[in-house]
Amino acid sequence: MGKSKTKNQKKSRLNANHVAEEVFGTAPHSFVFHRGQVGKNVGQLVEDMRRVMEPFTAESLKVRKKNVLKDFVAMAGPLGVTHFMIFTKTPSSVNMRLARLPKGPMLHFRVTKYSLIRDVVSSLKRHRMHEQQFTHHPLLVLNNFGSDGMQVKLMATMFQNMFPSINVHKVALNTIKRCVLLNYDPVSQEIEFRHYSLKVVPVGMSRGVKKLMQEKFPNMSKFEDISELLMKGANLSESEAEQDGDHNITELPQVYSGRGNMASQQSAVRLTEIGPRMTMQLVKIEEGMGEGNILYHAVIAKTDEELQEILIRKEAQMKEKQERKKKQEQNIAERNALREENRQRSLAGMKRKRPAEEEVDPEVEDPGNQDNRPPVVESDDEAEYYRQAVGEEPDEDMFPVVKRRQRPERSSEVPFKKRKPFSDDKRKNASGSKSPQDSGPRGKPGMKKFAAGGKSFGKGSPGGKKFREMNEDNKFGGRKFGGAGSSKFKGKPQSGGSRKGAGGGKRQGFKQKKGRS
């Protein structure tokens, strides 16, 4: 097991974390993204600019087509983002916008020329770039931004606020590994953007000694003595001879990383460009997040009268917008009031209806029977047909009584409607077959006729009269017809008689009744 940390180590670690949180919280943060279709090269330029702004930028910011600028502004507040760098592309040029959150201003630039990191690195014979350089923010250098003009001063302030400020008395030299240079040309009004890797090497010694102090030891197989390397510097390439002078030699106040860089010793500062590279030109400065007044425009110049007219027109638009919003709120309030009034009216109607429902006797078994009419029991179709055909009431046990749904009772004054038997000419249709009305289920004889000897026994027909007389006199062996369920007469069966009754089959429930002996 490793050694546990002491109390002083834990305390120093907490203090360091606290200081780091304060530094991180006070440093400006940025979003670098594009809007619209920009193409592959401009998309790569966006990625390269994120590398420049590290570590205080969103490295993996995802941008979708449906996102608008308001979405980024809404997310910038909780994340502590202070600046936006937005790239867009038109058919004629590539544009860049720098915005200060949350209330602006916004600077519009036209990118006339640019080179990517891979282009810059491929043009160098030796480049110096590693991941440790991007753990700290770069050092910002502004050149020629002291000229007169409100727009130049505003640009300088914008660029300064994009990077953390440096206290020269407390800064650690080992944290400075990169440099961003912005050079303004007053004649052409263009800004040159460069990104460099910074390296410090000791001076005042021969090239052989410098070679020995480097990590890679030189090849000394061809030397007879080490003095040849130290004095003559043999077998060293001409590219290793640096052109140092007063322009890049300084005395280090602190120990810097690298062999030979000691405090109070002279060392040379060398810059190696690592990209990207841009040439920009300011187009205009706008208030707010792209929605305010134009403070400066490089192409269009307007007089004071035109500016005043624009201000009056914008004030009128703002006033009209406020009136329209006020009217909408008033309409919404009226609609809500009307809805509440209708709701109260409905509740009042429901309260009036509820006492009327409570007055009804709850002991009533059938609340749907409002007329208090007794349930009516209808007889089956067989019993009704028996009454019409025979003219007498059937016996109690002849037909089973089935309860049906409640129907109003018929008045005694209204007689039963007689069913007219079909005549012989209506029995057959055009094809010569029996009509569906005359036939029962499955082609059996219908209920309306009792076929015996080919004659109809309707109520008004002679056959029906004879049938009744025969039944009354009990001429057939003392056996009374118990309806159409009787299959045979006691005497000689009638020719063409049906074996089943007028009910049309066994379904009708006919029963035979034995006659008295």
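The values are calculated or read from the model by the stated rules, or taken from the named source; none is laboratory data. These numbers come from a predicted model, not from an experiment. Glycine gets a Cβ as well: all are built from the backbone with ideal geometry, and neighbour counts include every protein chain shown. Keep in mind that these areas ignore ligands, DNA and RNA; they rest on the heavy atoms of the full protein, side chains included. Shrake-Rupley method; radii C 1.70, N 1.55, O 1.52, S 1.80 Å.
For region 136-154 and region 24-77, what is the separation of their C-alpha centers, rounded to whole Å?
23
Just list whichever of Lys66/Lys103; Lys284/Lys327; Lys153/Lys325; Lys125/Lys177; Lys65/Lys326 have alpha carbons separated by over 30 Å in the model shown.
Checking Cα-Cα distances, Lys284/Lys327; Lys153/Lys325; Lys65/Lys326 exceed 30 Å.
For every other residue with a beta carbon closer than 12 angstrom to the beta carbon of Arg313, add +1 if it is Lys or Arg and -1 if Asp or Glu, then tell me the sum. Let's see the in-between values first.
On the way: positive: Lys314, Lys319; negative: Glu306, Glu309, Glu315, Glu320.
Once all neighbours under 12 Å are counted, the net charge is -2.
Report ³J(HN,Hα) in whole Hz for each residue of region 180-190, in order, from the Karplus equation J = 6.51 cos²θ - 1.76 cosθ + 1.60 where θ = phi - 60°; Gly and Pro get x.
10, 10, 10, 10, 9, 9, x, 6, 8, 6, 10
Which residues' amide hydrogens lie under 5 Å from the amide hydrogen of Leu124, considering only partners 5 or more residues apart or on another chain, with H built in the peptide plane?
Result for Leu124 returns nothing.
Relative contact order for region 247-295: what percent, with Cα pairs under 8 Å and sequence separation of 6 or more? If you can, show how the numbers build up before the last one.
Working: 45 pairs, mean separation 12.0, N = 49.
Rounded, it is 24 percent for region 247-295.
Could you list which residues have their amide H under 5 Å from that of Gly292, counting only those 5 or more apart in sequence or on another chain, with H placed in the peptide plane?
It is Glu287, by chain and number.
Please list, in chain and number order, the residues 5+ apart from Glu190 or on another chain whose amide H is under 5 Å from its amide H, with Hs placed from the backbone.
Asp185
Can you compute the FRET efficiency between Ser122 and His297 using 1/(1 + (r/R0)^6), with r the Cβ-Cβ distance and R0 = 35 Å? Round to the nearest 0.05. Please report the intermediate quantities before stating the final value.
Numbers: r = 38 Å, r/R0 = 1.10.
Calculated value: 0.35.
Give the peptides 89-95, 298-304 in descending order of average Cβ contacts within 10 Å, highest first. Before the final figure, lay out each step's value.
Values: 89-95: 13.1, 298-304: 9.1.
Going by the mean number of other Cβ atoms within 10 Å, highest first, we get 89-95, 298-304.
For the ranges 29-37, 183-191, 146-154, what's the packing order if you count other beta-carbon atoms within 10 Å of each residue, average per peptide, and put the highest first? Before the final figure, lay out each step's value.
Details: 29-37: 18.0, 183-191: 14.4, 146-154: 12.8.
So the order, starting with the most tightly packed, is 29-37, 183-191, 146-154.
Carbon and sulfur: what percent of region 1-86's accessible surface (1.4 Å probe)?
Numbers: 3240 of 5810 Å².
Here it works out to 56 percent.
Residues in region 258-298 near a label at Val141, defined as backbone nitrogen under 11 Å from the 7 Å Cα→Cβ point?
269-273
Starting from the Cα of Glu306, step 7 Å along the direction of its Cβ; do the same at Glu54; then give the gap between the two resulting points in nm.
Between Glu306 and Glu54, the label points sit 4.7 nm apart.
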